[in-house]
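J.: Below you'll find the structure I mean.
The values are calculated or read from the model by the stated rules, or taken from the named source; none is laboratory data. Keep in mind that what you see is a predicted model, and the values were worked out from it rather than measured. Note that each Cβ is placed from the backbone with ideal geometry, even for glycine, and that neighbours are counted across all protein chains shown. Keep in mind that these areas ignore ligands, DNA and RNA; they rest on the heavy atoms of the full protein, side chains included. Shrake-Rupley method; radii C 1.70, N 1.55, O 1.52, S 1.80 Å.
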Amino acid sequence: MKKLDMLYEGKAKRVYKTEDENLYIIEYKDDATAQNGLKKGTIEQKGIMNNKIANHLFKILEEKGIKTHHERLLNDREVLVKRVDIIPLEVLVRNYAAGSLSKRLGIEEGVKLGVTVLEFCYKNDELGDPMINEYHIKAMNLANEAEVEKIKDMAFQINDYLTDYMKKKGIQLVDFKLEFGKTPSGEVILADEISPDTCRLWDEVTHEKLDKDRFRRDMGKVEEGYQEVVRRLLGEN
Ligand code: UDP
């Protein structure tokens, strides 16, 4: 499958058309940003590692019956995906307090939340991805009632599968972000990526961070964190 016109360039990925109007190619970059683009940098080999990790996790979710945009890995940095219209929502799933939730609510990082918390943010860089609720989603027509229900169901199921899977690999799934898309026939499926860029992944025992927080917080050993996730999830060095 050949890359044709570039449709979109984001912070960490490029999306291309292909000869098949229903398939796109995603190319993963090494660029990293944080604080809504304020902090910029490169994480060596990140594109390759995230492509591997996302591909692996999407395959596991597909086996569990979760529909995703994933088709097949093309090479180190490229994956073939189904064409979808991205629903402009960031769906955050939180098992433990961390990041913006800790700041907002004054709950120390690492505290287990009484229930899994779901949050929605409106995907809009100019506005800084503000947090919204289901009323805003409907008022702004970002998704209808049935779509919101489907997104919530899928998000909780994905959390159950991933939490369980990561635990077997010695990783604590603290929180993560999902994005969903609509196929041309109107079906809601999981899209975007699941990787250390979009998840908080801690060593289960030491609570060492193995994710993008190492970059966001200038902790050093950023590449090593991602590499460790590849090693644990895929058994590779
Ligand atoms: N997240 C993401 N993209 C975003 C915002 C958040 O992938 O634009 C992920 C982030 O990696 C974390 C989770 O969503 O795993 C919750 O993030 P939080 O709201 O705590 O944001 P942060 O502290 O990163 O600003």
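J.: Taking 0.36 nm per intervening residue step and subtracting the Cα-Cα distance, what contour gain separates GLU224 from GLU63 on full extension?
T.: The span from GLU224 to GLU63 would gain 55.1 nm if fully extended.
J.: Based on the alpha carbons, how large is the Rg to Rh ratio for region 107-237 when Rh follows Kirkwood?
T.: The Rg/Rh ratio comes out at 0.99.
J.: What translational diffusion coefficient, to the nearest whole µm²/s, does region 136-212 have by Stokes-Einstein, given a Kirkwood radius computed over alpha-carbon pairs, a temperature of 20 °C and 1.002 mPa s viscosity?
T.: 154 µm²/s
J.: A further question follows. Go through 111-124, 167-180 and give me the packing order, highest mean Cβ count within 10 Å leading.
T.: Most protected by this proxy first, the peptides run 167-180, 111-124.
J.: Give me the 1.4 Å probe accessible area per residue for region 1-141, excluding ligands and nucleic acids, in Å².
T.: 54 Å²
J.: Expressed in nm to one decimal, what extension gain is obtained for the pair GLN35 and LEU4 from 0.36 nm per residue of sequence separation less their Cα-Cα distance?
T.: That pair, GLN35 and LEU4, stretches by 8.0 nm at full extension.
J.: For region 176-222, which whole percent of the accessible surface, found with a 1.4 angstrom probe, sits on carbon and sulfur atoms?
T.: The nonpolar share, carbon plus sulfur, comes to 48 percent.
J.: Another question, then. Quick check: residue separation of GLN45 and LYS103 times 0.36 nm, minus the Cα distance between them. What number comes out in nm?
T.: Length gained between GLN45 and LYS103: 17.8 nm.
J.: List the residues whose amide H sits under 5 Å from the amide H of ASP129, counting only those 5 or more places along or on another chain, with H placed 1.01 Å from N in the peptide plane.
T.: ASN124
J.: If the cut-off is a Cα-Cα distance under 13 Å, which aspartates and glutamates reach LYS67, setting aside same-chain residues fewer than 8 apart in sequence?
T.: Output for LYS67: ASP153, GLU179, GLU187, ASP192.
J.: For region 128-145, in order, what is each residue's ³J(HN,Hα) by Karplus, 6.51 cos²θ - 1.76 cosθ + 1.60 with θ = phi - 60°, in whole Hz (x at glycine and Pro)?
T.: For region 128-145, the Karplus-derived couplings read x, 6, x, 6, 9, 10, 5, 5, 4, 4, 6, 4, 8, 6, 6, 7, 8, 3 Hz, x marking Gly and Pro.
J.: Can I ask one more? Rounded to the nearest percent, how much of the accessible area of region 35-123 (1.4 Å probe, protein heavy atoms only) is carbon and sulfur?
T.: Answer for region 35-123: carbon and sulfur cover 49 percent of the accessible area.
J.: Given 20 °C and 1.002 mPa s, how large is the Stokes-Einstein diffusion coefficient of region 2-57 in µm²/s, with Rh as the Kirkwood radius over Cα pairs?
T.: Diffusion coefficient, whole number: 174 µm²/s.
J.: Let me ask you something else. Please compute the alpha carbon radius of gyration of the chain, then divide it by the globular-protein estimate 2.2 N^0.38 Å. Two decimals is fine.
T.: For the chain, the normalised Cα radius of gyration is 0.97.
J.: Also, I was wondering about something else. What pairs from LYS2/LYS29; LYS39/LYS112; LYS59/LYS221 go past 22 Å between their alpha carbons?
T.: LYS39/LYS112; LYS59/LYS221
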